[in-house]
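Note sheet for the following structure.
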Amino acid sequence: MKIASDTLAVGESELRKAEQAERDAEKRASESREKRARADAVSEASVIQVATASDRIREDLNIDPEKLLETLDVDPEKIPLADRIEADVLRLRRQRDALGAVIFELKKTQKKLMKKEIP
């Protein structure tokens with residue numbers, strides 16, 4: 001009887017270990033599927049971003065992206081990432097817009113001063 005209960009206890013312990021191993025494996029498989037789905041989404045977004053950039057180059061510059069790269073004579077590895085370029089473009093546009101407002105005010109002031117000088 002003692003041997004049977006010991007054998008049962010060992011078997012139950014092994015069963016619990018196997019069940020835990022199964023749960024751990026399922027969890028890892030689920031995490032892997034989630035990582036794969038994220039990677040697929042990033043990949044798809046990248047393809048769309050490249051296509052959009054290519055279309056913009058063709059429309060704005062009337063040249064294929066490959067030919068543009070040749071004409072620039074630049075090492076593609078040294079070109080900053082698109083996010084960095086976009087941030088710089090937005091920053092420069094804000095600066096340009098701010099300068100536009102300053103120039104507008106200066107022109108108004110100039111006109112006022114010109115009117116005062118010509119009575």
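One table, with the values for the structure above:
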{"quantity": "Every residue from the range 62-74 that is exposed (fewer than 11 other Cβ atoms within 10 Å of the Cβ) and at pLDDT 90 or above", "calculated": "62"}
{"quantity": "Only listed residue being of a type in the set (D, E, K, R) and surrounded by 10 or more Cβ atoms within 10 Å (Cβ to Cβ), chosen from 59, 22, 77", "calculated": "22"}
{"quantity": "Residues satisfying the stated conditions in the range 16-64, i.e. among the hydrophobic types (A, V, I, L, M, F, W, C) and either farther than 18 Å from residue 82 by Cβ or in a loop (DSSP other than H, G, I, E, B) (or both)", "calculated": "18, 21, 25, 29, 37, 39, 63"}
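The values are calculated or read from the model by the stated rules, or taken from the named source; none is laboratory data. Only a predicted model underlies this, so the values are computations on that prediction, with no experimental measurement involved. As a convention, Cβ positions derive from the backbone with ideal geometry for all residues, glycine included, and neighbour counts pool all protein chains shown.
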